[in-house]
Amino acid sequence: MQAAVFDTRDGPFHVEDVEIDEPGPGEVLIRVAATGICHTDGLARHGDLPFPAPGVLGHEGAGTVAAVGPGVASVGEGDRVVMGWPWCGECRNCLAGEPRYCARLGELLVSGVRPGGRPSALRRADGSVLHGHFFGQSSFATFALSQARSLVTVPADVPLELLGPLACGMSTGAGAVLTTLRPEAGSSLVVYGTGSVGLAAIMAARNSGATTIVAVDPVSSRLALARELGATHTIDALQDDPVAAVHDICGGPADNALECTGIISVVRQAADSVGMLGTCALIGGAPAGAEFSLDHLTTLWGKRIVGVLGGGGRSDQIIGALVDLYRQGRFPFDRLVSWFAFDEVEEALNASYAGKVIKPIVRMPG
C-alpha cells in the first residue's frame with residue numbers, strides 16, 4: 001500500500017510505500033476510495049494539534065471493507081463505509097450516547113498509536129514505525145485501519161468518493177445546527193465563516209426551523225455561494241460591523257450564532273451577536289492554548305456559549321441524515337468539492353489554506 005507521509009512539522013507530504021498490520025479484534029481494514037482534506041489536517045501538520053511525526057494524517061475517508069478482525073460482525077468484506085470519529089464505547093459519555101465527547105478522545109484522535117497505547121499499525125518499508133490512527137483512521141493512504149464501531153455503512157446509489165467529508169467537515173457544521181442548536185421555527189441563525197464547515201451549517205439551517213439565516217465572511221464570492229445554498233442575508237466582514245449588521249437584520253440580537261473560523265476576535269463577535277437566552281456555538285478549530293474573553297454582564301443574561309466537537313451527536317446518525325438530505329437534493333455539498341489526485345495532497349491542502357478551493361477531496365489510485 002501507499003501513504004502520504006509527513007516527516008517533520010510543516011514538512012511536505014510525499015507518497016511512499018508503507019506496510020500496515022492485519023486488523024485485530026474489533027478492527028476493520030478499509031480500502032480507501034477517497035479522503036477529504038480538512039483544516040484540522042493542517043493544524044496537525046503544523047503542530048497546532050499534538051500529533052507526532054513522522055506520520056500519516058487524513059480523517060475524512062470513505063472506502064470499502066477489505067478485511068475484518070476477530071469479533072467484527074457489524075460490517076463485512078465489500079461493504080461501503082465512511083470512517084466516522086473514534087470512541088471507546090465504555091466511558092460515561094459514550095454510554096450516555098455522546099461518543100463525540102468520549103473520555104479517551106485525545107488518545108483516540110491524536111496519539112499516533114492504536115487504542116490502549118498499542119503500537120501504530122503503520123511501518124515504512126525499512127520497518128521503522130510511522131505514527132497513524134489519526135482520528136482513528138489516517139486515511140491519506142490507500143488502506144486504513146478503523147475500529148468497527150466507528151464505521152457508517154452508506155447506500156450504493158450515492159458516489160462513495162464524495163462521502164468522506166461527511167465524517168468531519170460537513171457533519172461539524174451541519175451537526176452543530178441540527179443536533180446542537182436545533183433552531184426553532186421562525187428563529188434566526190448567524191454563521192461566521194463560509195468555508196466548508198460554515199456552508200454545511202447554512203445548508204443544514206435551510207432544513208431547520210430558522211427563517212433568517214445570516215452568513216458573515218470577508219470574501220464576496222463565498223457570500224454569493226452562501227446565498228445560493230440557503231443564506232437569506234449576507235454581511236461583508238470587511239465592509240460592515242458584523243455585530244451591528246446582525247442586529248439590524250434581525251431587529252435585535254440573533255437567536256443563535258455559529259462560530260466556524262477559530263479566529264479569536266470572531267469568537268467575540270459571534271457571542272455579541274446573540275442576546276438574552278441566545279446560544280453561541282463554537283466549532284472553529286483554534287490552536288491549542290488559544291483564549292478568548294466575553295462581556296461578563298451580557299453573558300449573565302441567559303446567554304449560552306457552547307463548545308461543539310464534530311457537530312455533536314453520533315457519526316452514524318448525522319452521516320445517515322446528511323446522506324438522505326443529499327439524495328433528496330436538500331444538502332448539495334458536492335457543490336463545494338474540488339478533486340485532486342493522490343500525489344497532490346500537498347497541493348490540495350495548500351489550495352484549501354489559500355482559499356482557492358472549499359473542500360478538496362483526494363482520489364486514491366485504482
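The figures follow:
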quantity	calculated
Matching residues, the range 15-71, being under 11 Å from L145 (Cβ atoms), touching an Asp or Glu at 6+ places or on another chain (Cβ under 7 Å) and part of a loop (DSSP other than H, G, I, E, B)	G69
Within the range 188-262, helices (runs of 4 or more DSSP H) holding 1 or more residues that are touching a Phe, Trp or Tyr at 6+ places or on another chain (Cβ under 7 Å) and crowded, with 19+ Cβ neighbours inside 10 Å	196-205
Residue within the range 347-355 that is more than 26 Å from G97 (Cα to Cα), at pLDDT below 95 and assigned to a loop (DSSP other than H, G, I, E, B) present	yes
R182 being in the same structural domain as P218 (by the TED database) and either within 25 Å of Y101 (Cα to Cα) or not hydrophobic (A, V, I, L, M, F, W, C) (or both)	yes
M203, sole failed condition from (1) more than 14 Å from F331 (Cβ to Cβ); (2) out of contact with any strand residue (DSSP E or B) (no Cβ under 9 Å at 6 or more places or on another chain)	(1)
Considering residues of the range 293-316 that are among the hydroxyl-bearing types (S, T, Y) and within 26 Å of P253 (Cβ to Cβ) only, the residue surrounded by the fewest Cβ atoms within 10 Å (Cβ to Cβ)	S293
Candidates A290, A286, filtered to the one that is over 20 Å from H247 (Cα atoms) and surrounded by fewer than 17 Cβ atoms within 10 Å (Cβ to Cβ)	A290
The range 324-356: number of residues that are surrounded by fewer than 20 Cβ atoms within 10 Å (Cβ to Cβ) and of a type in the set (V, I, T)	1
Failed item, numbered, when S138 is tested on (1) buried (at least 23 other Cβ atoms within 10 Å of the Cβ); (2) in contact with a Lys or Arg (Cβ under 8 Å, 6 or more places away or on another chain); (3) in a loop (DSSP other than H, G, I, E, B)	(2)
Which listed residue is assigned to a loop (DSSP other than H, G, I, E, B) and under 20 Å from G78 (Cα atoms), from V152, V158	V158
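For every residue, the table says whether it meets (1) outside any loop (DSSP other than H, G, I, E, B); (2) in contact (Cβ under 8 Å) with a residue 40 or more places away in the chain.
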residue: T298; (1), (2): yes, no
residue: G310; (1), (2): no, yes
residue: G320; (1), (2): yes, yes
residue: E344; (1), (2): yes, no
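The values are calculated or read from the model by the stated rules, or taken from the named source; none is laboratory data. Only a predicted model underlies this, so the values are computations on that prediction, with no experimental measurement involved. Neighbour counts are summed over all protein chains in view; Cβ atoms, including those assigned to glycine, are modelled from backbone coordinates with ideal geometry.
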